[in-house]
Amino acid sequence: MTAERIHSPNDYCQERAASSGSSFYYSFLFLNDEQRQAITALYAFCREVDDVVDECSDPTVARAKLEYWRGEIASAFDGTPQHPVTRALQPALARYNLPQEYFQEIIDGMQMDLDYDSYPSFTELSLYCYRVASVVGLMAAEIFGYEDRATLRYANDLGLAFQLTNILRDVHEDVNRGRIYIPLDEMKKFGVSPGDLTLPQTTENLRKLFAFQAERAQNYYDRAFGHLPEGDRWAQRSGIIMAAIYRSTLHEIEKDGFHVLEHRIKLTPLRKLWIAWRTARQEKKRHRRYQRNQGK
């Protein structure tokens, strides 16, 4: 759907979020209107810049488009945005204290896809994950609200866990685009060559490599929730819902024997909705217990 056929910037962002089928969309359903509009606009921005590098075959054109988005973000902070996404974002910038440099970091992360087709080690990969995922998590935490700054450590690690889950889920699709996100030194350690990732079969060495990646992702989920203060869980419930959906995907990959080169593991929309509803219900009960224990 084009911008011209949609009545407002918020409608444009809503369509971007809904049409993507992303797990994030299901967690947005449990927010108030202002928060939902803000997080949906943030998500739409991420989709726009991600599509630049995924869908543009000419790197020179892709770089020019990313520069356009750098200018649009600057315009949004100056009060003169033109694109529907930045127009939808503008009211959220001051309301939720979303720093301009965070948006530029996300674009920097997308540009890394033009500069790198693989990553020597997890050190380099973690910078990419921080820019394209942890920064988004930090801004989401601002929109959801928090009292304890430890929640920002939770948001940082949760974003990284999400990205590591995506990398494992999408490894075949990414290789077909000419990109490898699994660190090369770890591939070498497990006796896997880049060419092995192009074959539609999972050898024992590949299975062990993928299991190692899954364990790292699980550790980041555990680290994230170890940082989250109990008093901020209810405000951050949308992130918790996202985590439940993403961890279910990771569990399905593990249960399937890490055959991510043969087929893409994904949850049905109905299952995502059920996980979102179940997690929201669990968090509501947990919040009530917390309030009783606090004498509220």
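The values are calculated or read from the model by the stated rules, or taken from the named source; none is laboratory data. Source: prediction; values computed, not measured. FYI the Cβ positions are ideal-geometry reconstructions off the backbone, even for glycines, and counts take in every protein chain you see.
Quick notes on this structure:
- Considering only residues in the stretch 17-70 that are part of a loop (DSSP other than H, G, I, E, B) and among the aliphatic types (A, V, I, L, M), the one that is modelled with the lowest pLDDT turns out to be Leu29.
- Residues located in the stretch 163-200, provided they are of a type in the set (Gly, Ala, Ser) and without any contact (Cβ under 8 Å) to a residue 24 or more places away in the chain: Gly191, Ser193, Gly195
- Close pairs (8 angstrom Cβ cut-off, 6 or more residues apart or separate chains): free of Cβ contacts under 8 Å to residues at least 40 places away in the same chain and part of a helix (DSSP H, G or I) in the stretch 100-113, of a type in the set (D, E, K, R) and crowded, with 20+ Cβ neighbours inside 10 Å anywhere: Glu105/Arg131; Asp108/Arg131; Gly109/Arg131; Met112/Arg131
- Flag if Ala94 is small (Gly, Ala, Ser), under 16 Å from Leu138 (Cα atoms) and more than 19 Å from the chain's Cα centre (by Cα): yes
- Within the set Phe210, Phe225, Phe190, Phe162, the sole residue that is of a type outside the set (Ser, Thr, Tyr), surrounded by fewer than 17 Cβ atoms within 10 Å (Cβ to Cβ) and touching a helix residue (DSSP H, G or I) at 6+ places or on another chain (Cβ under 8 Å) turns out to be Phe225.
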